[in-house]
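The values are calculated or read from the model by the stated rules, or taken from the named source; none is laboratory data. Note that the coordinates shown come from a computational prediction; the quantities given were computed from them, not determined experimentally. Here the Cβ positions follow ideal geometry from the backbone for every residue, glycine too, while neighbour counts run over all protein chains shown. For accessibility, only protein heavy atoms count, side chains too; no ligands or nucleic acids. Shrake-Rupley method; radii C 1.70, N 1.55, O 1.52, S 1.80 Å.
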Amino acid sequence: MSTTKTRSSLWQVMQREWRILTSRPLYLFCMVIAPLFCYVFFTTLMDEGLPQNLPAGIVDLDDTALSRRVARNLDAMPQTEVIAHYANVSEARRAVQRGEIYGFFLLPEGLSAEVQTQKQPTVSFYTNYSYLIAGSLLFRDMKMLGELTSGAASRSVLYAKGASEDEAMAYLRPIVIDTHALGNPWLNYSIYLSNILLPAVLCLLIMMVTVAGIGMEIKGGTAKAWLEASNGSIATALTGKLLPQTAVFMLMGILYNVYLYGYLGFPCQSGIVPMLLATLCLILASQALGIVMIAIFPTLRLGLSLASLWGMISISISGFSFPVMAMPGAIQALSILFPLRHYFLIYVDEALHGYGFAYSWPHYVALLLFLLLPLLILGRLKTALLHYRYTP
């Protein structure tokens, strides 16, 4: 086929695809409305960085000046708000079960007396780990308060024995830890999660739209007309169908990058250009996987099931919530089959550490290698388009 004829066929297929995209509200929802909703939802859900004022309770069986001071100190912590005092553990436990509080702090009877006689009183705290984030944050605050209370009591004893401030602190904290959080010094959950959740949602939608676009041609019996518009070239047919989708998805990718790094001011040490390039590579790799999925399962429901499963697993296996190096060896090897994993590594190198292209180019190449996968199954896909009969 001549170059002029190929361009004409490509343009004809692209025009046909634009008509399909603009005539079906489903595409508008999946390609524009759903990504925009997720962008706003995830970033506003965590707009304060960390959850604040998580409801907690106090069971004060001692009821002394010391126990009341401990309760006030717990309420003063930013992630914890003491909303109720309970008479006993049973009442507090029922409040946790009803979902009124995420945990409670137990101050035993005789706490103040044991502190004054230099004994070792035991304080207990209970958190509901059914809510992982809330339970973890409350556990951290309560544990810190317990350690501070113990330190304050020991310091008072040392002062009473005539120790100076420096001597007391040297005894209580023989080693001073100087902590510096890299990449996200604010410990902002939105920075931690949004930078991967947003592209993960886009990646999932891209695979599903790619599968749906080709699958509906098979289901609706229009696959032959699609191929005829491309003069029988499956490569031209796929390119013409996916280019309009690529343009729309790239626009949504540019939007979330500008939103995260421009408007919200998230860390982006190497500038926004490398992340835009990574976004383009992620979009192309996701489309390539979508082509492979519908070629393997030319039934719309099976193709969409595989795309949704692959997209959801990619969130877990990308490494942003649990390190890949701590996963079993087989899972570590499989992680390279997920485009989001390579995007995450580019994000860490470029946006967080500012290492530059010299450190992250293998992951760009890995994303581009996904574009070779459809070449292995073009014949199978063309056969499915011409001869496959859809069965509900």
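Summary of computed values
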quantity: Compactness of the stretch 32-143, expressed as Rg and Dmax over alpha-carbon positions, Å; calculated: 17.3, 67
quantity: Listed residues 131, 347, 256, most fluctuating in the chain (Gaussian network, C-alpha, under 10 Å); calculated: 131
quantity: The stretch 17-85: GluC sites (Glu not before Pro) falling in loop per DSSP and having at most 14 other Cβ within 10 Å; calculated: 48
quantity: Karplus (6.51, -1.76, 1.60) ³J(HN,Hα), θ = phi - 60°, over the stretch 347-364, in Hz, Gly and Pro reported as x; calculated: 4, 5, 5, 7, 7, 7, 8, x, 6, x, 5, 4, 8, 10, 4, x, 7, 4
quantity: Under 5 Å, built H, 5+ apart or other chain: amide partners of residue 79; calculated: 53
quantity: Computed P(r) (all Cα pairs; the stretch 290-392; 5 Å bins; percent); calculated: 2, 12, 17, 18, 18, 13, 9, 6, 3, 1, 0
quantity: Trypsin sites (Lys or Arg not before Pro) within the stretch 78-159, DSSP loop, no more than 15 other Cβ atoms inside 10 Å; calculated: 119
quantity: Solvent-accessible heavy-atom area per residue, rounded to whole Å², over the stretch 284-374 at 1.4 Å; calculated: 44 Å²
quantity: Amide proton proximity set for residue 124, modelled H, under 5 Å, gap of 5+; calculated: 106
quantity: Cβ-defined net charge surrounding residue 278, 11 Å radius [Lys, Arg +1; Asp, Glu -1]; calculated: -2
quantity: Globularity ratio of the chain, using Cα Rg and 2.2 N^0.38 Å; calculated: 1.35
quantity: Eligible lysines near residue 382 by straight Cα distance, threshold 19 Å, same-chain separation 8 or greater; calculated: 219, 224, 241
quantity: Sequence-distant lysines (8 or more away, or on other chains) whose Cα lies within less than 24 Å of residue 161; calculated: 119
